[in-house]
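To start, the structure under review is shown below, and the notes come after it.
The values are calculated or read from the model by the stated rules, or taken from the named source; none is laboratory data. Computed from a predicted structure; not experimentally measured. As a convention, Cβ positions derive from the backbone with ideal geometry for all residues, glycine included, and neighbour counts pool all protein chains shown. For the accessible areas, the whole protein counts, side chains as well, though only heavy atoms, and no ligand, DNA or RNA atoms are used. Shrake-Rupley method; radii C 1.70, N 1.55, O 1.52, S 1.80 Å.
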Amino acid sequence: MADILQQIASNLYEGEDEAVAGLVQKALDQGHKPSEVLQGGLIAGMDQVGRDFKAGDLFVPEVLIAARAMHAGMGVLRPLLAESDAPSAGKYVIGTVKGDLHDIGKNLVKMMLEGAGFETVDLGTDVEPAAFVAAVREHKPSMVGMSALLTTTMVQMRATVEALVEAGLREQVKIMVGGAPVTETFAKEIGADAYAPDAASAVDVARSMGCLLYTSPSPRDRTRTRMPSSA
Ligand code: B1M
């Protein structure tokens, strides 16, 4: 009998949304932590989907069905990941950049931030630079997070940073970027304050944003750089 986390991963791969939701609940009832279920079940299953999609063994409809199953599992986990007694750690505006419809990773980042006590404003997907600017003006967050999953939409991160500069709002917010094709080097190039390789690191980086910026994906070469002296 496969481990329950493996069962979650394989049911997610098959797009069995009801089974995934039930198994996630069962794993929690058995004492698995929400973060274990997320990493070892849901993300593990979606990683396999990604590998097989890349290899041409899966096609868009199958990926969408798997994504639906991921959402079903996340529906069970969301309240637990968001549970926190802590006062608001800060306001965080988040969105997937213009031209990009991928939202699973962005939603995970958002959930983890909420779990860590951040108040989030989710702009959704395909977010124009002007919409990020308007949200910063309206909500006055301490941080703005942008997600991109396509190499072709990464340029929108730069455009958004530039739009914030032009609007005179750049100095009022810290900017974090992430998503599979995004790197720390790219983050620095476009003038973002921070990069996070995954949802858990996004929380660490956001928490430490006041004094320490940038993490790298590999623990071996993990570096943290002090903010420029202006901060
Ligand atoms: Co798309 N897709 N997709 N897709 N898709 C990728 C990204 C791709 C790598 C697949 C591949 O070819 N191997 C490829 C991009 C190639 C490239 O640009 N180099 C690709 C492509 C090409 C496309 C289309 C163009 C396909 C087509 O139509 N021909 C199309 C584009 C649509 C558009 O956006 N305009 C498309 C469509 C889709 C679906 C709609 C079918 C679906 C999205 C459903 C949805 O999101 N609601 C989909 C999916 C599911 C994928 C894969 C398989 C999985 C993405 C995912 O959800 N991963 C993906 C392959 C892959 O990534 N291996 C792929 C799980 C998620 C938990 O990880 O999003 O990386 P991720 O998020 C992580 C970190 O990156 C990080 O934390 C998260 C959690 O740890 N992170 C942040 C993310 N955002 C962050 C922000 C932060 C910090 C960290 O701070 C703000």
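The criterion of at least 2 residues that are free of Cβ contacts under 8 Å to residues at least 12 places away in the same chain, open to solvent by 30 Å² or more (accessible area, probe 1.4 Å) and within 11 Å of the ligand (Cβ to nearest atom) is met, among helices (runs of 4 or more DSSP H) falling completely within the range 1-66, by 44-54.
For Lys106, are the conditions met, namely being touching a strand residue (DSSP E or B) at 6+ places or on another chain (Cβ under 6 Å), in a helix (DSSP H, G or I) and charged (D, E, K, R)? So Lys106 fits the description; yes.
Just one of the listed residues (Ala187, Ala130) is surrounded by 22 or more Cβ atoms within 10 Å (Cβ to Cβ) and over 22 Å from Ile43 (Cα atoms), and it is Ala187.
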